[in-house]
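The values are calculated or read from the model by the stated rules, or taken from the named source; none is laboratory data. These numbers come from a predicted model, not from an experiment. Because the Cβ atoms are built from the backbone with ideal geometry, glycine has one as well, and the counts that use them run over all protein chains shown. These accessible areas exclude ligands, DNA and RNA; they are computed on the full protein's heavy atoms, side chains included. Shrake-Rupley method; radii C 1.70, N 1.55, O 1.52, S 1.80 Å.
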Amino acid sequence: MMPFTLGIDFGTSNSAAGIGVNGTPWLAELEPGEKTLPTAVFFEVSPNRMRIGRSATRGLIHGDEGRFLRALKSLLGTPLLHEERRLGGERLTFVTIIARFLAEVKKRAEDQTRMEFTHALSGRPVRFHSADEARNAKAEEDLRLCYQEAGFKDVQFMYEPEAALRSAAPRAGLGLVVDIGGGTSDFTAFVQEDGADPQILASHGVRLGGTDFDRQISIDHVMPLLGRGSQIRNAMGGGSMPAPNRLFNDLATWQMIPFLYTRETLRMAQDLERHAEEPEKLSRLVSVLEEEIGHDLAFAVEAGKIAANTPGSDARVDLRLIERGLSTALGATDMARSLNPSMDTIRDAASETLRLAGVKSQDVTRLVMVGGSSLLGSVEENLRVLCPNATVENDNALTAVADGLALAADAAFQ
């Protein structure tokens, strides 16, 4: 008897799971009325429990006592994944935290289908880490360990853009899947003839995604209001030097925020405030650390990014959670300027995929856009420049990977 296999798209920002039913993808409602689940956890203090998804986000927004974590996938392949942290009254590694998240996804899918999923077909980026083969191998090994701890007997992996291609509309032509996720950007070049399945020509990827876009916007437009770039007077003599960038860079990075809530980091920020030439800015940094609102700040940046994704918009990042009336402008032009280096990297990676496939960019007729961050205007503009004769397809951007994994799940362990 073939095992029941669940297709799982475990993403940096969002996750989904499903199976194929009569050749059609069926995704579980991992929350009522929702087929995607934020990849977020919240360790509540009283009672001690781990909440996931939108419930975790509500815990953060409502100010419940506890610890919020997001972008856990970015820790795969790094030593941090195996470090123990005290959360929810336990000492846990991030392997166990991810495993508990996946176990809850498994349970919710089983509750809806009345099936026991002993096996998983999981998506994975083409490259977890851009230029480190050892870390790439370690990241897949880590993810396999998470699935096993979650209760799956076995797991197979499929490149995420190749999974997305499984659910793309069957149209003849030379195409490129552009999958811009929360932590990685992946590309698959393919060709499809009328009435035939698509033929994969090459896949490639880089460690760059939507959370990196958020980070750069925060560094450029928000962190200067908290003291980044401000001069700090030398406590032992004359002169001054800029505040250390690392503190601000970590505060702008989703997965690093929880590690800043230590007595040592708070004392450092307070010392910077005492010696700052602009103490009002460093005072905001101290408030963010004291009140542990780094993730709230990151959500505000993300909301500003979404609002600014309209040409000619006059969006702002609302920072009233730090100080009444505080905000910073983030128009489409401002955002494009911050994201230009990232867009160059994405365009170069797409071009490299086509080179590996042995095709010319002007011959591409289909651009299949996948992932929430692929909907950014800057992404589409850069890919249109690279592939000027292609038609953009983005109707199924948010669930294409999960749909493809669901369709492929049944045959994964044949």
**Request:** Take the stretch 104-126 and flag every residue that is buried (at least 18 other Cβ atoms within 10 Å of the Cβ) and of a type in the set (A, V, I, L, M).
**Result:** Val105, Ala109, Ala120, Leu121, Val126
**Extreme residue, farthest from Asn249 (Cα to Cα), among residues of the stretch 291-321 that are among the β-branched types (Val, Ile, Thr) and in contact (Cβ under 8 Å) with a residue 40 or more places away in the chain** = Thr310
**Item:** Of all residues making up the stretch 235-257, the number that are touching a Ser or Thr at 6+ places or on another chain (Cβ under 6 Å) and not in a helix (DSSP H, G or I)
**Value:** 2
**Request:** Filter the stretch 378-393 down to the residues that are outside any loop (DSSP other than H, G, I, E, B) and surrounded by 16 or more Cβ atoms within 10 Å (Cβ to Cβ), then identify the one that is farthest from the chain's Cα centre (by Cα).
**Result:** Leu386
**Item:** Check on Leu356, among the hydrophobic types (A, V, I, L, M, F, W, C), open to solvent by 40 Å² or more (accessible area, probe 1.4 Å) and either in contact with a Lys or Arg (Cβ under 7 Å, 6 or more places away or on another chain) or not in a helix (DSSP H, G or I) (or both)
**Value:** no
**Request:** Identify all residues within the stretch 160-211 that are more than 17 Å from Cys387 (Cβ to Cβ), part of a strand (DSSP E or B) and of a type in the set (A, V, I, L, M); write none if there are none.
**Result:** Ile200, Val206
**Message:** Return the residues of the stretch 359-372 that are assigned to a helix (DSSP H, G or I), modelled with pLDDT of 95 or more and open to solvent by less than 60 Å² (accessible area, probe 1.4 Å); say none if nothing qualifies.
**Reply:** Ser361
**Request:** Kindly indicate which of Arg284, Arg320 is closer than 23 Å to Phe68 by Cβ and in a loop (DSSP other than H, G, I, E, B).
**Result:** Arg320
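Residue by residue, here is whether (1) basic (Lys, Arg); (2) in a strand (DSSP E or B); (3) in contact with a strand residue (DSSP E or B) (Cβ under 7 Å, 6 or more places away or on another chain) holds:
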residue: Ser15; (1), (2), (3): no, yes, yes
residue: Ile19; (1), (2), (3): no, yes, yes
residue: Arg58; (1), (2), (3): yes, no, no
residue: Asp64; (1), (2), (3): no, no, yes
residue: Phe68; (1), (2), (3): no, yes, yes
**Item:** Single match in Glu302, Glu264 (criterion: under 18 Å from the mean Cα position of the chain (by Cα), in a helix (DSSP H, G or I), under 30 Å from Pro79 (Cα atoms) and not basic (Lys, Arg))
**Value:** Glu302
**Asked** In the stretch 45-68, which residues are open to solvent by less than 20 Å² (accessible area, probe 1.4 Å) and in contact (Cβ under 8 Å) with a residue 40 or more places away in the chain?
**Response** Ile52, Phe68
**Request:** Could you grab me the full set of residues in the stretch 133-154 that are within 12 Å of Gly77 (Cβ to Cβ), of a type in the set (Asp, Glu) and touching a helix residue (DSSP H, G or I) at 6+ places or on another chain (Cβ under 9 Å)?
**Result:** Asp142
**Fill in**
Sole miss for Glu291 among (1) over 24 Å from Leu375 (Cβ atoms); (2) within 21 Å of the chain's Cα centre (by Cα); (3) open to solvent by 50 Å² or more (accessible area, probe 1.4 Å) is condition (2)
**Asked** Within the stretch 121-155, can you find the residues that are over 20 Å from the mean Cα position of the chain (by Cα) and at pLDDT 95 or above?
**Response** Leu145, Gln148, Glu149, Ala150, Gly151, Phe152, Lys153, Asp154, Val155
